[in-house]
């Protein structure tokens, strides 16, 4: 297609033409109202804009080569990386400022600035003499409260303190008792122990294991016992008679108590007089509070073990005693725990593992607790983190696990690799634009330090050795202007194009800031054409007179149809 060249015109002619157009454009507005007037006004504005362009074109002679100066570039293979970029400041993996809530003198410290410390490691010891005294007092109070509570419970639920046999029961269910009332008696074993006296007998007449026949006063018959001990010599009685003592053990037939007396025959000797009977170890259980007896199920002769519950004593008095004792115990326990925690505050340990970056207190210093009680600061430098602020239009492309390339001005020539560990949904809106924080972790940090400023780039897509053209060469509708002698010109579209060029349809892939991948529609040897950007960085505009009217093309696309185009992945187009 031949290009139409514009003839130079005089300034007078241009002014006359412009004035005529202005007069013509004023008249149609007369008498119009409402929507029709506004639509016509819009058309007038468009016409005025077209007239202004015409005036500028007519004011200076232009050649065809100046109007349609396309930049040509042969298609080539390139590496394309589609990425998102942001800047940020490096932070340690974790940090902690160690402080104390208590006041006192620092007795010792165990580290220096720059040292590595482990979580739980003792850092400082403070003077805790006052706290130790308070803890001791709290411990004593707790022990007393425990004892009082145990006694209150035992008063309601009296228990056996001896393993043996129930010998007597003094109360029954429903009885009302007071503190000190006897409940029952327990004997430790079922044996009787009796010391018999013999006159006119020598100690050699008796021996351990000898059989003894025992007569219990008030009971019919006899029981058999065994000699367990013989006195070492005879002693004189009040009457002057020589007496030998022989100790005998016999099994209690079940009804004998210490109220009975007995005599015995051992060998050919009869004992002198009647002597008292000793029972085995015994215990009488008494009530320790007032109330009504329930659950008393013991009978004389029953075997019983230490700790067995004897009965339950019910009543408001005993229940109140338990409640009050429980409350006192709880309060004492709380006081003891508080005292222990306060004492622990005087032993200051590392809350995290890391490097001590500052040490503001040392042994011998007196420190005040609270906000001013700062002792040191620890950084966990096992890895570093940074935060990227990603635009709302791009945040959907970011995922946990994506690789991030990081550079720092402080470390020239070094590129570090990070990984996305968190994509936050809590955005921040400024000036109508919302960004979302993305956390990036860097494990290999040689040369990097917390506080350094870095640039980060998240690689979204990348292709190596693919056919690519300048992104400015791709027009809306995925068409590309190529020279008419390019191999792919055989697939030219039926669309008007500048002389020496044709349009072809292409399939595009990923793009970076400058180039777009071509999946199909072009081949090596093709030469694309596009309007270059202006020196100011904005898209240049060229006006070309085409058959049928005036057209404009943006530098990013070179469309002759008057539309504006943007490369794939752009924020938007008109």
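The values are calculated or read from the model by the stated rules, or taken from the named source; none is laboratory data. Nothing here was measured: the structure is a model prediction, and the numbers come from that model. Cβ: placed from backbone, ideal geometry, glycine included. Neighbour counts: every protein chain shown.
What is the one condition in (1) loosely packed, with under 15 Cβ neighbours inside 10 Å; (2) in a strand (DSSP E or B); (3) in contact with a strand residue (DSSP E or B) (Cβ under 6 Å, 6 or more places away or on another chain) that residue 417 does not satisfy?
Going through the list (1) loosely packed, with under 15 Cβ neighbours inside 10 Å; (2) in a strand (DSSP E or B); (3) in contact with a strand residue (DSSP E or B) (Cβ under 6 Å, 6 or more places away or on another chain), residue 417 breaks only (3).
Residue 377 - would you say it is assigned by TED's automatic domain parsing to the domain that holds residue 408, touching a strand residue (DSSP E or B) at 6+ places or on another chain (Cβ under 9 Å), farther than 16 Å from residue 100 by Cβ and not in a loop (DSSP other than H, G, I, E, B)?
No.
Is it the case that the stretch 461-468 has a residue that's free of Cβ contacts under 8 Å to residues at least 40 places away in the same chain and under 30 Å from residue 385 (Cβ atoms)?
no
For every residue, the table says whether it meets (1) surrounded by fewer than 16 Cβ atoms within 10 Å (Cβ to Cβ); (2) at pLDDT 95 or above.
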{"residue": "430", "(1), (2)": "yes, no"}
{"residue": "435", "(1), (2)": "no, yes"}
{"residue": "440", "(1), (2)": "no, yes"}
{"residue": "446", "(1), (2)": "yes, no"}
{"residue": "452", "(1), (2)": "no, yes"}
{"residue": "471", "(1), (2)": "no, no"}
{"residue": "475", "(1), (2)": "no, no"}
{"residue": "495", "(1), (2)": "yes, no"}
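Is there a residue in the stretch 494-501 that is free of Cβ contacts under 8 Å to residues at least 12 places away in the same chain and in the same structural domain as residue 74 (by TED's automatic domain parsing)?
Yes, the stretch 494-501 has at least one match.
Where residues in the stretch 524-542 are surrounded by 13 or more Cβ atoms within 10 Å (Cβ to Cβ) and in a loop (DSSP other than H, G, I, E, B), which of them is modelled with the highest pLDDT?
Filtering first and then ranking leaves 526.
Determine whether residue 124 is over 30 Å from residue 448 (Cβ atoms), surrounded by 15 or more Cβ atoms within 10 Å (Cβ to Cβ) and free of Cβ contacts under 8 Å to residues at least 40 places away in the same chain.
Considered against the rule, which asks whether it is over 30 Å from residue 448 (Cβ atoms), surrounded by 15 or more Cβ atoms within 10 Å (Cβ to Cβ) and free of Cβ contacts under 8 Å to residues at least 40 places away in the same chain, residue 124 comes out as no.
Can you tell me which of (1) under 16 Å from residue 85 (Cα atoms); (2) crowded, with 17+ Cβ neighbours inside 10 Å; (3) modelled with pLDDT under 95 is the one residue 461 doesn't meet?
With (1) under 16 Å from residue 85 (Cα atoms); (2) crowded, with 17+ Cβ neighbours inside 10 Å; (3) modelled with pLDDT under 95 applied to residue 461, the lone miss is (2).
Would you say residue 322 is surrounded by 15 or more Cβ atoms within 10 Å (Cβ to Cβ), at pLDDT 90 or above, within 21 Å of residue 119 (Cα to Cα) and not assigned by TED's automatic domain parsing to the domain that holds residue 173?
Taking the combined requirement at face value, the residue does not satisfy it.
Just one of (1) surrounded by 13 or more Cβ atoms within 10 Å (Cβ to Cβ); (2) closer than 30 Å to residue 120 by Cβ trips up residue 337, so point out which.
Of everything listed in (1) surrounded by 13 or more Cβ atoms within 10 Å (Cβ to Cβ); (2) closer than 30 Å to residue 120 by Cβ, residue 337 misses just condition (1).
Only residues that are closer than 30 Å to residue 363 by Cβ and exposed (fewer than 15 other Cβ atoms within 10 Å of the Cβ): list them for the stretch 375-414, please.
If the condition is that a residue be closer than 30 Å to residue 363 by Cβ and exposed (fewer than 15 other Cβ atoms within 10 Å of the Cβ), then 382 is the only one that fits.
Just for the stretch 90-103: of the residues that are more than 10 Å from residue 378 (Cβ to Cβ) and surrounded by fewer than 19 Cβ atoms within 10 Å (Cβ to Cβ), which one is modelled with the lowest pLDDT?
101
Among the numbered criteria (1) at positive phi; (2) in contact with a helix residue (DSSP H, G or I) (Cβ under 9 Å, 6 or more places away or on another chain); (3) not assigned by TED's automatic domain parsing to the domain that holds residue 377, which single criterion is violated by residue 143?
So residue 143 meets the others, but not (1).
Can you tell me how many residues in the stretch 64-114 are within 25 Å of the chain's Cα centre (by Cα) and assigned to a loop (DSSP other than H, G, I, E, B)?
Total meeting the criteria: 3.
Quick test of your reading of the structure: residue 415 fulfils all but one of (1) more than 15 Å from residue 85 (Cα to Cα); (2) without any contact (Cβ under 8 Å) to a residue 60 or more places away in the chain. Name the failing condition by number.
The single condition residue 415 does not satisfy is (1).
Assess whether residue 425 counts as being closer than 16 Å to residue 394 by Cβ, outside the structural domain of residue 522 (by TED's automatic domain parsing) and not in a strand (DSSP E or B).
yes
Looking at (1) part of a loop (DSSP other than H, G, I, E, B); (2) surrounded by 15 or more Cβ atoms within 10 Å (Cβ to Cβ), which is the only condition residue 141 fails?
Here residue 141 meets the rest and fails (1).
Give just the number: which of (1) in a loop (DSSP other than H, G, I, E, B); (2) in contact with a strand residue (DSSP E or B) (Cβ under 7 Å, 6 or more places away or on another chain) does residue 406 not satisfy?
For residue 406, the failing item is (1).
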